[in-house]
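Asker: Submitted below is the structure of interest, expressed as structure tokens.
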Amino acid sequence: MRILLVEDDPQLGDGLCVGLRQAGFTVDWLRDGKSAIAALAVEDFACAVLDLGLPACDGMQVLRATRAAGRDLPVLVLTARDALGDKIAGLDAGADDYLVKPIALDELAARLRALARRRLGRATPLLIHGALTLDPAARRVTQAGRAVELSGREFSLLQLLLESAGRVLPRSQLEQALYGWNDEPDSNALEVHIHHLRKKLGSELIRTLRGVGYTIPRP
Ligand code: CA
């Protein structure tokens, strides 16, 4: 799941980046409001984590510009302690959730998973497809009760395909969701991950539509 983090405090931003990556998120980090508006206009993120006090356009301006442009991604706002006015103004300007600093990383990760799930119209946390179960929080996959060991990218790719089961996901969309700005994929990296997933989960699960993309049909 690819997240845009907008935070100007270098220490906090770095800590959140490292922690969210360890929790399995792909994270792109920007430090000012102007570049956040530009990135949100063209890139496809599952969620944004937005600090309100930012240089060159504050967080509220980012939020308003993003909603005015019709972008509907979930936005979680980071606010200072006791800033009740900020929380209310943020939610009223189109934020979906907020957290008060200092941030507990586990809570942030859980809230992001919940926001992304709701965006996809899903209330239950587990992704179940026939005998296959994927637990996004525990980052665990089982098939017919047997644990399946996946790499981080394989897990994220499988999650994306299961979340959109029955729909074809174009290769470019999968690559955008899997890789941040700092980790450009090799040209055949996606095929390699698909190949590994088929070896581990059976060749029938993921279908290739030549020149179009990949899909997991509904069970
Ligand atoms: Ca700040």
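The values are calculated or read from the model by the stated rules, or taken from the named source; none is laboratory data. These numbers were taken from a predicted model, which means no experiment stands behind them. Counting neighbours? That spans all protein chains shown, and the Cβs are built from the backbone with ideal geometry, glycine included. For the accessible areas, the whole protein counts, side chains as well, though only heavy atoms, and no ligand, DNA or RNA atoms are used. Shrake-Rupley method; radii C 1.70, N 1.55, O 1.52, S 1.80 Å.
Asker: Looking only at residues that are more than 15 Å from the ligand (Cβ to nearest atom) and part of a strand (DSSP E or B) in the range 19-47, which one is surrounded by the fewest Cβ atoms within 10 Å (Cβ to Cβ)?
Answerer: Looking at residues that are more than 15 Å from the ligand (Cβ to nearest atom) and part of a strand (DSSP E or B), I get 28.
Asker: Next question. Being surrounded by 12 or more Cβ atoms within 10 Å (Cβ to Cβ) and outside any helix (DSSP H, G or I) narrows it down to one residue among 190, 174, 197, 205; which is it? Break it down stepwise before answering.
Answerer: Working: 190 fails: outside any helix (DSSP H, G or I); 174 fails: outside any helix (DSSP H, G or I); 197 fails: outside any helix (DSSP H, G or I).
Just a single option satisfies the conditions, and that option is 205.
Asker: Can you name the residue in the range 74-101 that is open to solvent by less than 30 Å² (accessible area, probe 1.4 Å) and β-branched (Val, Ile, Thr) and is also farthest from residue 44 (Cα to Cα) among such residues?
Answerer: Among those that are open to solvent by less than 30 Å² (accessible area, probe 1.4 Å) and β-branched (Val, Ile, Thr), it is 79.
Asker: In the range 189-219, how many are more than 23 Å from the chain's Cα centre (by Cα) and hydroxyl-bearing (Ser, Thr, Tyr)?
Answerer: Final tally of qualifying residues: 2.
Asker: Please go through the range 134-170 and give me each residue that is over 16 Å from the mean Cα position of the chain (by Cα), among the charged types (D, E, K, R) and part of a loop (DSSP other than H, G, I, E, B), ordered by number.
Answerer: Across the range 134-170, the qualifying residues are 149, 167.
Asker: So which residues in the range 9-18 are closer than 16 Å to residue 80 by Cβ and open to solvent by less than 60 Å² (accessible area, probe 1.4 Å), if there are any at all? Let's see the steps before the verdict.
Answerer: Here is the first cut: in the range 9-18, the ones closer than 16 Å to residue 80 by Cβ are 9, 11-13, 16.
Of everything in the range 9-18, those that are closer than 16 Å to residue 80 by Cβ and open to solvent by less than 60 Å² (accessible area, probe 1.4 Å) turn out to be 12, 13, 16.
Asker: Do we have any residue at all in the range 57-73 that's within 16 Å of the ligand (Cβ to nearest atom) and open to solvent by 50 Å² or more (accessible area, probe 1.4 Å)? Before the answer, list the steps.
Answerer: Within the range 57-73, the first condition is being within 16 Å of the ligand (Cβ to nearest atom), and the residues that meet it are 57-63.
Then drop every residue that is not open to solvent by 50 Å² or more (accessible area, probe 1.4 Å), which leaves 58, 61.
Scanning the range 57-73 turns up at least one residue that is within 16 Å of the ligand (Cβ to nearest atom) and open to solvent by 50 Å² or more (accessible area, probe 1.4 Å).
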